[in-house]
1. Take the residues in segment 213-238 that are under 18 Å from the mean Cα position of the chain (by Cα) and not hydrophobic (A, V, I, L, M, F, W, C), then tell me which one is nearest to GLU259 (Cα to Cα).
2. Where in segment 1-103 are there helices (runs of 4 or more DSSP H), lying fully within it, with 3 or more residues that are over 28 Å from LEU277 (Cβ atoms), modelled with pLDDT under 95 and hydrophobic (A, V, I, L, M, F, W, C)?
3. Would you check if GLY109 is in contact with a Phe, Trp or Tyr (Cβ under 9 Å, 6 or more places away or on another chain), of a type outside the set (A, V, I, L, M) and buried (at least 20 other Cβ atoms within 10 Å of the Cβ)?
4. Under 6 Å between Cβ atoms, at least 6 apart or on separate chains: pull out the pairs that start in segment 197-221 with a residue that is more than 27 Å from THR116 (Cβ to Cβ) and end on any residue that is among the small types (Gly, Ala, Ser) and at pLDDT below 85.
5. Report the residue count in segment 38-53 for those that are over 16 Å from the mean Cα position of the chain (by Cα) and surrounded by fewer than 17 Cβ atoms within 10 Å (Cβ to Cβ).
6. Tally time: how many residues in segment 10-28 are in contact (Cβ under 8 Å) with a residue 12 or more places away in the chain and surrounded by fewer than 16 Cβ atoms within 10 Å (Cβ to Cβ)?
7. Determine the pairs where a residue that is surrounded by 11 or more Cβ atoms within 10 Å (Cβ to Cβ) and in a loop (DSSP other than H, G, I, E, B), located within segment 132-160, has a partner that is at pLDDT 65 or above and hydroxyl-bearing (Ser, Thr, Tyr) with Cβ atoms under 6 Å apart, the partner being 6 or more residues away or on another chain.
8. Take SER61 and decide whether it is hydroxyl-bearing (Ser, Thr, Tyr), more than 18 Å from the chain's Cα centre (by Cα) and buried (at least 16 other Cβ atoms within 10 Å of the Cβ).
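The values are calculated or read from the model by the stated rules, or taken from the named source; none is laboratory data. Remember, it's a predicted structure, so these values are computed and weren't measured experimentally. Cβ placement follows ideal geometry from the backbone for every residue including glycine, while neighbour counts extend to all protein chains displayed.
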Amino acid sequence: MTETLLQMTVLIACGAMWRFIRPGGLSAEQVRPVLTTVVYYLFLPAMVLDVLWRSDIGMQSIQYSILGIASTVMAMLGMGLAGIAFRFANNKQGAMVLAASFPNVTYLGLPVLEQTFGPWARSVAIQIDLFATAPLVFTLGIVVARHFGEDRSGQNKPVLSFLNAPPFWAAALAVVLNLNHVVMPVALAGILQKLSAGVVPLMLFSLGLALSWSTLNLRNTPFVLPVVIIKMALMPLFSLWFAGWLWFDAPHKAAAVMEMAMPSMVLGIVFCDRYRLDSALYAMAVTLTTLLSLFTLPFWYGVLMR
């Protein structure tokens, strides 16, 4: 586990160093949208189709959804109560609820699970993302952002509009093909596997580009501390307890709980910008929880492997 994280840290560090070196005069803000767009529209859908087409989809998929939804709601309620108790301002409270509730299940969770447990664990990460986390992010997450922030865009998209996206198209197609026992053509399998191979390094590099060192300051520490406690300790602890009530076997339980132990998702910064929440505070939470995950993930892995 430690060796795996060290290898991934190097790739994340390459993205982080780009901010300072700016090869070709390109800033991190210029490079990251291009990379994430390519991943989102091409490489990730290819991986989703490749993995879900050949995965064991059924009762276990429902369990991933239950675990992901329950853990996220628990974290959201916990951060909400903390905000009420300490009377945080709305723009800070909204950013902290998002940071504490939604783990980085794809950009960090997918490569960590694949390298730690093997290729089969990619299915765990993708199913938790598509069947639990992503639907919550684009529904409940937006509700939270609107409640604590301001929406001056004038755009009121339907709640289920997030389903109109390449990863979900690929997931729907893969599930249909899987349940109808359609055999994947060998030539197509080769193409999908080659496209899938680009997902992990590009995700980790993009994560490094997203880390904002300038946001790390003592002024925001009292606000980020509850996020760290909930995100890195209480959420995985709750998911470990809750998973015991489900019907996971040991490897799948460990992989699912590890997903809930991931740091804050990067995507939340988009919601903070759009709904005028405290973007700098959210960026600090992402940066700090990502750095701390280099120590907390091996700890939770050790707990799960006992």
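1. PRO236
2. Once the helices (runs of 4 or more DSSP H) in segment 1-103 are filtered for at least 3 residues that are over 28 Å from LEU277 (Cβ atoms), modelled with pLDDT under 95 and hydrophobic (A, V, I, L, M, F, W, C), what remains is 2-21, 44-53.
3. Here the answer is no, as GLY109 does not meet what is asked.
4. Close Cβ pairs (under 6 Å, with a partner that is among the small types (Gly, Ala, Ser) and at pLDDT below 85) amount to THR215/ALA280.
5. 3
6. Counting residues in segment 10-28 that are in contact (Cβ under 8 Å) with a residue 12 or more places away in the chain and surrounded by fewer than 16 Cβ atoms within 10 Å (Cβ to Cβ) gives 3.
7. These pairs meet every condition: GLY149/TYR275; ASP151/TYR275.
8. no
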